[in-house]
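See structure below.
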Amino acid sequence: MTDPIADRPHVPGYGIPTSSDGLLPWSWAVERLERAIVYWLATTGADGAPHVIPIWGAWVDGRWFVEGGPTRWQRNLRENPQLAIHIEIGNEVVIVEGTAVEHVAPEASLADAILAGYAKYRAAADYEADAANWSAGGLWELRPLKAFAWSVFPNDMTRFRFGRTCRRTSRTDATAASPARPCRDRCRPVA
């Protein structure tokens, strides 16, 4: 997976620097996403009501995976696939926003990678994920569109923008449109 574009978010009044000095690298965020035990998952139902829960998950190959039974958050994702996750380790924060895709009986290589990501729960909570539980669904993938991270707010607040498809050039990667090379047409997120 190509690293996302790192830049500063526009949040007036909070003293966020405008220069790229001090931006966090994407690897910093990935380290925290991989080792996190609790993720806060935010979904929204068809009626617009927000729903936030603490839940376990695994960051694997640039995507976040979460499993579970027929709960409100899954019903919400079936109605509205937009979601966000948030982790906080002391002052270190990572927030990832994206779209959800449900997997039914994922192929063995993907299932093995997800199970390896869930291995951290063996020691932390005496839990072991089982791919057999995903044979009828209930495994969700967050495909990131943007993320935010910081450890010393606002000094190192960083926004990450993931791959986009340029309507003009049909390029699909993190450089399709950027502040340094803006696209004249509206680029759309990769679905």
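The values are calculated or read from the model by the stated rules, or taken from the named source; none is laboratory data. A quick note: this is a predicted structure, and the numbers were derived from the prediction, not measured. Cβ: placed from backbone, ideal geometry, glycine included. Neighbour counts: every protein chain shown.
Some points to look at:
- Taking residues in the stretch 138-151 that are touching a residue at least 24 places away in the same chain (Cβ under 8 Å) and farther than 19 Å from TRP73 by Cα, and partners anywhere that are polar (S, T, N, Q) and surrounded by fewer than 19 Cβ atoms within 10 Å (Cβ to Cβ), the pairs with Cβ atoms closer than 6 Å and at least 6 places apart or on different chains are SER151/ASN91.
- Evaluated against (1) among the small types (Gly, Ala, Ser); (2) free of Cβ contacts under 8 Å to residues at least 24 places away in the same chain; (3) under 15 Å from ALA42 (Cα atoms), GLY90 falls short on exactly one condition, (3).
- Output for the stretch 1-18, where each listed residue is out of contact with any helix residue (DSSP H, G or I) (no Cβ under 9 Å at 6 or more places or on another chain), under 28 Å from ASP61 (Cα atoms) and not acidic (Asp, Glu): MET1, THR2, ILE5, ARG8, PRO9
- Residue pairs whose Cβ atoms lie under 9 Å apart, separated by 6 or more positions or on different chains, with the first residue in the stretch 112-135 and of a type in the set (Lys, Arg) and the second exposed (fewer than 11 other Cβ atoms within 10 Å of the Cβ) and assigned to a loop (DSSP other than H, G, I, E, B), are ARG122/GLU128.
- Residue ranges of strands (runs of 3 or more DSSP E) in the stretch 1-95 with at least 3 members surrounded by 12 or more Cβ atoms within 10 Å (Cβ to Cβ) and among the hydroxyl-bearing types (Ser, Thr, Tyr): 39-44
- Residues considered: ASP3, ASP21, ASP7. Of these, the only one that is more than 30 Å from ALA136 (Cβ to Cβ) and more than 18 Å from the chain's Cα centre (by Cα) is ASP21.
- In the condition set (1) touching a strand residue (DSSP E or B) at 6+ places or on another chain (Cβ under 6 Å); (2) closer than 22 Å to SER135 by Cα, SER109 is compliant with all but (1).
- Residues being hydroxyl-bearing (Ser, Thr, Tyr) and not in a strand (DSSP E or B) - total across the stretch 96-111: 1
- Of the residues examined, VAL104 is one that is surrounded by fewer than 19 Cβ atoms within 10 Å (Cβ to Cβ), farther than 23 Å from THR158 by Cα and in contact with a Gly (Cβ under 6 Å, 6 or more places away or on another chain).
- Yes/no for ARG35 being under 12 Å from the mean Cα position of the chain (by Cα), of a type in the set (Lys, Arg) and closer than 27 Å to THR158 by Cβ: no
- Residue within the stretch 149-166 that is at pLDDT 90 or above, polar (S, T, N, Q) and either assigned to a loop (DSSP other than H, G, I, E, B) or under 17 Å from PHE65 (Cβ atoms) (or both) present: yes
- Members of the stretch 135-150 found to be touching a helix residue (DSSP H, G or I) at 6+ places or on another chain (Cβ under 8 Å) and surrounded by fewer than 21 Cβ atoms within 10 Å (Cβ to Cβ), listed by number: GLY138
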